[in-house]
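J.: Questions regarding the structure given below will be posed in turn.
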Amino acid sequence: MSTPVAPLSTWARNVSPSPTLAVDTKAKALLAAGGDVCSFAAGEPDFDTPEHIKEACIVALKSGKTKYAPTPGIEPLRQAIVDRYDAEYGLKATIGQVIVSPGGKFNCYLGVVATCSPGDEVIVPAPFWVSYPEMVKLAGAVPKLVLADDRTGFKLTPAQLEAAITPKTKLLILNSPSNPTGAVYTRAELEALVSVAVKHNLYILSDEMYEHLVYDGVKPTCVATLSPEAAARTITVAGFSKTYAMTGWRIGTTLAPLPIAKAISELQSQMSSNVTTFAQYGALAALKEKEKTAAAVKIMLAAFDRRRKSLHAQLNKIPGVKCLLAEGAFYLFPNISSFGLKDVDFCNRLLDEEKVAAVPGSAFGAEGYLRLSYATSDEIIAKGVSRLAKFCAGLQG
Ligand SMILES: *Cc1c(COP(=O)(O)O)cnc(C)c1O
């Protein structure tokens, strides 16, 4: 007999576990049991961290960089982050505006907590990265989901944004290039959204985690560079996980106006303190040893681009499947609504019957789609798509 205890907190009872991690875990368990699974569920590069980055971390570890460091990050890393924003976007910032946190996910969460109070509303365009609504709820704030489907290229329009704003709206979350759709907003599209946000005095959390994973000559836009008004209200989150295949290192970055950066640093000082000290030296090498890093990123990017095009072409050959060619990240988001099956049922049957793992669009707030990650081998992609085609033909038959 168990001892009766008090209920857990509102936060603990209301949080939903990550559905993307759940599918990935199920696929990995089937694989481990010897199953012949083709997984499109991964949310991380299938490459290893470049050697020179690992080496710098090992050197730092061996030379005793094993103590507490300043909460917002070691100085040389913060300076390197300032320098790279200047070099890439002409953005002038100071070291005080930069905070290094234990993963971009935590940078996002701290951005929400620093700006939102209980009852505030946060506009989250859907399809959304699964963690945004949960983070907003954990801050006591209210996520306002606004669906931007494939008819607008998965991009929120200024009219949709305007219609979703109320006197309680405090924050707009943007994520370009997007997880889960791969969509990349143009500079003009972002300017239009930012001007609505400025008019209503909203903060903007711009999650630019995939800024370097763009194709077809597309240039990413750093929202904070759009205007002085944008710079004054935008919290820019980026990181090392996706660009440099460093997901397990847990290092993300925030660039924010000084008062927000100060608040975030103080919050972090009470929640997690600094990112693992020697890991920060690996991140520093990623930014400092520019030629080696660029060479490694080029190889990964070329592989992602090749797989993106091949997956896109193969998907659109399947009768009933409609897929836009995304310009960024490593995901495609095909529309499977013509099959008349809920996407969750579609994914469950696809995994059970054909051993193909995909994440249902509804996990990202968009029913009727699949998220397919092409951060996997060409062989898995070819095999997985032909199984998907067979599955779809069976549904139509
Ligand atoms: C992966 C990801 C992050 C955070 O990654 P970390 O591993 O926590 O640095 C943030 N936003 C989006 C959209 C992502 O896909």
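The values are calculated or read from the model by the stated rules, or taken from the named source; none is laboratory data. The structure displayed is predicted, hence computed values, not measured ones. Neighbour counts are summed over all protein chains in view; Cβ atoms, including those assigned to glycine, are modelled from backbone coordinates with ideal geometry.
J.: Across region 348-389, which residue is modelled with the lowest pLDDT among those that are of a type in the set (D, E, K, R) and more than 22 Å from Lys309 (Cβ to Cβ)? Quick ask: steps written out before the conclusion?
T.: Taking region 348-389 and keeping what is of a type in the set (D, E, K, R), we get 349, 352-355, 367, 371, 378-379, 383, 387.
Adding the requirement that they be more than 22 Å from Lys309 (Cβ to Cβ) leaves 349, 352-355, 367.
Details: Arg349: 93, Asp352: 90, Glu353: 94, Glu354: 95, Lys355: 94, Glu367: 97.
Per the criteria, the residue is Asp352.
J.: Now a separate question. As an exercise: evaluate Asp305 against (1) of a type in the set (Asp, Glu); (2) touching a Phe, Trp or Tyr at 6+ places or on another chain (Cβ under 9 Å); (3) free of Cβ contacts under 8 Å to residues at least 60 places away in the same chain and give the number of the one condition it does not meet.
T.: Unmet for Asp305, out of (1) of a type in the set (Asp, Glu); (2) touching a Phe, Trp or Tyr at 6+ places or on another chain (Cβ under 9 Å); (3) free of Cβ contacts under 8 Å to residues at least 60 places away in the same chain: (3).
J.: Output the residues belonging to region 349-379 that are surrounded by fewer than 24 Cβ atoms within 10 Å (Cβ to Cβ), closer than 14 Å to Val37 by Cβ and not hydrophobic (A, V, I, L, M, F, W, C).
T.: Passing the criteria: Asp352, Glu353, Glu354, Lys355, Thr376, Ser377, Glu379.
J.: Scanning region 15-58 for residues that are touching a helix residue (DSSP H, G or I) at 6+ places or on another chain (Cβ under 6 Å) and in a helix (DSSP H, G or I), which turns out surrounded by the fewest Cβ atoms within 10 Å (Cβ to Cβ)?
T.: Ranking the qualifying residues of region 15-58, first place goes to Pro19.
J.: Do you know which residues across region 191-210 are free of Cβ contacts under 8 Å to residues at least 40 places away in the same chain and either closer than 21 Å to Gly252 by Cβ or aromatic (Phe, Trp, Tyr) (or both)?
T.: Across region 191-210, the qualifying residues are Ile204, Ser206, Glu208.
J.: Considering Leu301, Leu258, which residue is under 18 Å from the mean Cα position of the chain (by Cα) and not basic (Lys, Arg)?
T.: The unique qualifying residue is Leu301.
Yes/no per residue for (1) surrounded by 19 or more Cβ atoms within 10 Å (Cβ to Cβ); (2) not basic (Lys, Arg):
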{"residue": "Gly73", "(1), (2)": "yes, yes"}
{"residue": "Leu91", "(1), (2)": "no, yes"}
{"residue": "Ala114", "(1), (2)": "yes, yes"}
{"residue": "Val124", "(1), (2)": "yes, yes"}
{"residue": "Trp129", "(1), (2)": "yes, yes"}
{"residue": "Lys137", "(1), (2)": "no, no"}
{"residue": "Leu156", "(1), (2)": "yes, yes"}
{"residue": "Gln160", "(1), (2)": "no, yes"}
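J.: Separate question: Restricting attention to helices (runs of 4 or more DSSP H) lying wholly within region 269-362, give those where 1 or more residues are over 21 Å from Val100 (Cβ atoms) and within 16 Å of the ligand (Cβ to nearest atom). Can you show your working first?
T.: Working: elements: 277-288, 290-316, 343-354.
Because the criterion is at least 1 residues that are over 21 Å from Val100 (Cβ atoms) and within 16 Å of the ligand (Cβ to nearest atom), the helices (runs of 4 or more DSSP H) in region 269-362 that meet it are 290-316.
J.: Test Lys355 against the criterion of being basic (Lys, Arg) and more than 24 Å from the chain's Cα centre (by Cα), and give yes or no.
T.: In short, yes.
J.: Any idea which of Gly103, Gly182 is closer than 22 Å to Leu332 by Cα, in contact with a strand residue (DSSP E or B) (Cβ under 6 Å, 6 or more places away or on another chain) and among the small types (Gly, Ala, Ser)?
T.: Unique residue meeting the criteria: Gly182.
J.: Here is a follow-up. Given (1) closer than 17 Å to Thr115 by Cβ; (2) in a loop (DSSP other than H, G, I, E, B); (3) within 12 Å of the ligand (Cβ to nearest atom), where does Ile173 come up short, assuming only one miss?
T.: Of (1) closer than 17 Å to Thr115 by Cβ; (2) in a loop (DSSP other than H, G, I, E, B); (3) within 12 Å of the ligand (Cβ to nearest atom), only one is false for Ile173: (2).
J.: Which residue is surrounded by the fewest Cβ atoms within 10 Å (Cβ to Cβ), if the candidates are limited to region 316-341 and must be of a type in the set (Phe, Trp, Tyr) and within 21 Å of Ala303 (Cβ to Cβ)?
T.: Phe333
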